[in-house]
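Read-outs throughout are calculated quantities, based only on the coordinates presented, and are distinct from any laboratory measurement. Since we're looking at a predicted model, the values are computed, not measured. Here Cβ is always computed from backbone atoms with ideal geometry, including for glycine, and neighbour counts include all displayed protein chains.
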There are 2 protein chains.
Amino acid sequence: MNKIITIGREFGSGGREIGRKLAEELGFAYYDKEIITEIAKRTELSERYVKTIVERRPVFSYPVHVGRSFLNVNTSTVIQSSAVYAEQCKLLKEFAEKSDCVIVGRCADYVLREYDPFKIFVYADEKSKVERCKKRDESGIEKTDKEYIKLIKSIDKNRAKYYDFYTGQTWGDKLNYDVCINTTDANMDDIVPHLAKMI
Amino acid sequence: MNKIITIGREFGSGGREIGRKLAEELGFAYYDKEIITEIAKRTELSERYVKTIVERRPVFSYPVHVGRSFLNVNTSTVIQSSAVYAEQCKLLKEFAEKSDCVIVGRCADYVLREYDPFKIFVYADEKSKVERCKKRDESGIEKTDKEYIKLIKSIDKNRAKYYDFYTGQTWGDKLNYDVCINTTDANMDDIVPHLAKMI
């Protein structure tokens, strides 16, 4: 069976960087944004739309009563979300079958549980997450610290809801992971080689 | 400044084993039960009594109204708990000043925060904690799994209350630690050398 490493991460904690460096260090395949591109191809939805869907759990609305019929206004979104999730699961399993790999996000720790992955969760304190977001922000739009904090909280809230919805587990709960790494004061280049050996 | 490693751990997770092996691997001093013995010596309380105190936060009772006076029935215990905690803090700082060291428990991550320790939290799932407890139980008294689970929960509840009371933080909250390690399926001998290098 191939060796699979999955990485859950708080927004701005550098989880993606750890994932990429780990894959380099171990000579494993690395999957992150490629997953969105591939799902978009397979479902014939735009990448941007897929990205929106995979960051949010489907929103079930209460049925709206119109005349004598019930109309669920969000049916099509729910169906699309489920279809994208199903495609994503299929894709992750294809990756896992193909070679040793590192997969960032996408509930991969849960979806690939039969492959006994090594599950990492990466987190950090608020201040260092804001600093990391600032450094990598290529939008060109200046933001205050408060705005970054709001953004981080909102993205993580959606990640948590998405994860909890599809896995029935709690996102970030350390029992779901083999190792949790606090990157607040950490130097990635120091951590990764030893983490790789530990795995 | 000396290198300090602190280890918080769930009961039965093998945190003590990781601590001892890490200290061996790194050639650091190791402090665990020695702390109780030393406090007992310094406070002239029995080791058994100190052990009871350092596993529990002081219990404040509501003052009892007797005639015209208020009587707090637990005053002496509270004073003793605080005295023991103060002695413990002093002792931990002496250890930190003396040499590189690994310290298990005792809120050392918080008490020694000025020494910038590397803070580890060790945890595991219930089943593996029960198995570990069974293996190392030298009491000779046979217990059911249910009884072990009750024991584990009760000890961890006290640890959490003690830690939360003295540090104002939440015991086991991953943000208080640099690395959290799940020992459920882990082989300590595999983990420790690489963890040592990572630190």
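Below are the figures for this structure:
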item	result
Axis-nearest residue of A (beta carbon) for the A-onto-B rotation, whole Å	A:CYS180, 2
Acute angle (nearest 10 degrees) that the helix A:145-167 long axis makes with the longest principal axis of chain A, alpha-carbon atoms	70
Candidates A:LEU22, A:LEU92, A:LEU45, ranked by Gaussian network fluctuation over chain A, Cα under 10 Å, top entry	A:LEU45
Normalised convex hull volume, region A:122-166, alpha-carbon set, Å³ per residue	86
Neighbouring partner chain Cβ atoms per residue of B:119-125, average, 10 Å criterion	1
Whole-Å semi-axes of region B:4-198's equivalent ellipsoid (Cα gyration tensor)	30, 22, 15
Gyration tensor verdict on region B:117-199 (Cα atoms; rounded if a/c is under 1.5, prolate if a/b is larger than b/c, oblate otherwise)	oblate
Relative contact order (%) - region A:4-198, alpha-carbon pairs under 8 angstrom, separation at least six	36
Partnerless Cys - chain B, beta-carbon criterion under 4.7 Å	B:CYS89, B:CYS101, B:CYS107, B:CYS133
With Cα atoms, 0 to 90° folded angle of helix A:33-43 axis to chain A main axis	30
GNM result for chain A, Cα springs below 10 Å: residue of A:ASP185, A:ASP156, A:ASP164 fluctuating most strongly	A:ASP185
Rounded to 10°, Cα long-axis angle of helix A:15-26 versus longest principal axis of chain A	50
Dimensionless Rg ratio for region B:1-53, taking C-alpha atoms and the 2.2 N^0.38 Å reference	1.32
Structure-based [θ]222 nm, chain B - -39500 (n - 2.57) summed over DSSP H runs of at least 4, per residue, nearest 500	-16500 deg cm²/dmol
Binned Cα-Cα distance frequencies in the protein assembly as shown - 20 Å width, integer %	23, 49, 24, 5, 0
Spacing of the two label points (7 Å from each Cα toward its C-beta) at B:THR37 and A:GLN169, in nm	4.1
Extension gain from B:TYR49 to B:SER99, taking 0.36 nm per residue of separation minus the Cα-Cα distance	15.1 nm
